[in-house]
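The values are calculated or read from the model by the stated rules, or taken from the named source; none is laboratory data. Note that the structure is predicted; figures quoted are calculated from it, not measured. Glycine gets a Cβ as well: all are built from the backbone with ideal geometry, and neighbour counts include every protein chain shown.
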Amino acid sequence: MMSTNAKTTASGAEGRETPVITEEDLAVLDTTGEANEPLHATDPVNRIFLRIGGTLCVVLTVGITALVTASVILRYFFNSSIPIAAEGPSYFFPWLIAGGAIVAQAQLGHVAVDVLVSRLGEKGYARAQLAIWIFVTILAAYLTYLGIYMAGPIAEQTSPIMGWPQLGSFSAFIVMTACLALQAAARTYLLWRHGPAHAETFRDDTTTGHLKGMPA
């Protein structure tokens, strides 16, 4: 009978030991702690947009939650509803998305696939980052142009319940892309001046409430 203290071996003639995954190995692979770390604005311009987008998200989250709660209570207990509670959440939801996109852009919190870029050398990586953010700036600016181009036809439409102009909801897309263009342009400028390390140079200083490298 095999002893419980014997080491586990591979089921082969050679009898080589099977690699054992330890708790230390699992701890190295665990990246959930990094995802929970607070993100920071990468430059002074994006810090302003971070505050604007964050405030917009908080206000709209509270407002939409209140409207949805009111709608549920009215329907469940009184079998009735009010127009703003029925249509308000869907009308303002695009603005919540816009605020979240602005926050993600300010913090570099969006999903990025950098398998190829990360393998480049120092100069290649810097040039690739600069080219990428130039492209993002141009793309966001072009999307803003398309949004403004579509504003005319949409301005003629109204919401089915409240009769609100649909342009009020669609404007969230125009504002979002315009903000993303400005944020990307600011990041492009700092990449050109300081290189990829500018994100660390202007990282939030949580003890003073100011950005490192900037006057208090």
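Here is a list: SER81, SER71. Which entry is in contact with a Ser or Thr (Cβ under 8 Å, 6 or more places away or on another chain) and at pLDDT below 85? Working first, answer last.
Working: SER71 fails: at pLDDT below 85.
Matching residue, one of SER81, SER71: SER81.
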Fill in: Residues that are of a type in the set (S, T, N, Q) and surrounded by fewer than 21 Cβ atoms within 10 Å (Cβ to Cβ), drawn from segment 171-188
SER171, THR188
Worksheet item: Which one of the conditions (1) closer than 15 Å to MET162 by Cβ; (2) in a helix (DSSP H, G or I) does ILE97 fail to meet, given that it meets all the rest?
Response: (1)
Practice prompt. For segment 60-72, name all the residues that are over 13 Å from ALA86 (Cβ atoms) and surrounded by 12 or more Cβ atoms within 10 Å (Cβ to Cβ).
Written response: LEU60, THR61, GLY63, ALA66
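Which members of segment 162-175 meet the condition of being within 26 Å of the chain's Cα centre (by Cα) and in contact (Cβ under 8 Å) with a residue 40 or more places away in the chain?
Step one: list which residues in segment 162-175 are within 26 Å of the chain's Cα centre (by Cα), which gives 166-175.
Hits for segment 162-175 are GLY168, SER169, PHE170, ALA172, PHE173, VAL175.
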Item to complete: Output the number of the condition that LEU146 fails; it satisfies all remaining conditions of (1) surrounded by fewer than 19 Cβ atoms within 10 Å (Cβ to Cβ); (2) in contact with a helix residue (DSSP H, G or I) (Cβ under 8 Å, 6 or more places away or on another chain); (3) of a type outside the set (D, E, K, R).
Response: (2)
Discussion item. Under 7 Å between Cβ atoms, which residue pairs at least 6 apart in sequence (or on different chains) link something in segment 67-82 that is under 24 Å from GLY163 (Cβ atoms) with a partner that is among the basic types (Lys, Arg)?
Written reply: SER81/ARG75
Worksheet item: touching a helix residue (DSSP H, G or I) at 6+ places or on another chain (Cβ under 7 Å), under 19 Å from SER171 (Cα atoms), in a helix (DSSP H, G or I) and modelled with pLDDT of 90 or more - does that describe any residue in segment 30-47?
Response: no
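Looking at segment 142-161, can you tell me whether even one residue there is under 20 Å from the mean Cα position of the chain (by Cα) and of a type in the set (Asp, Glu)? Before you say what the answer is, go through the steps one by one.
First, pick out the residues of segment 142-161 that are under 20 Å from the mean Cα position of the chain (by Cα): 143-144.
Remaining after also requiring of a type in the set (Asp, Glu): none.
No, because not a single residue in segment 142-161 is under 20 Å from the mean Cα position of the chain (by Cα) and of a type in the set (Asp, Glu).
Just checking, which of ALA155, ALA141 is within 17 Å of PHE49 (Cβ to Cβ) and either touching a strand residue (DSSP E or B) at 6+ places or on another chain (Cβ under 6 Å) or surrounded by 14 or more Cβ atoms within 10 Å (Cβ to Cβ) (or both)? Please lay out each step first, then the result.
Values: ALA155 fails: within 17 Å of PHE49 (Cβ to Cβ).
Result: ALA141 is the single residue among ALA155, ALA141 that is within 17 Å of PHE49 (Cβ to Cβ) and either touching a strand residue (DSSP E or B) at 6+ places or on another chain (Cβ under 6 Å) or surrounded by 14 or more Cβ atoms within 10 Å (Cβ to Cβ) (or both).
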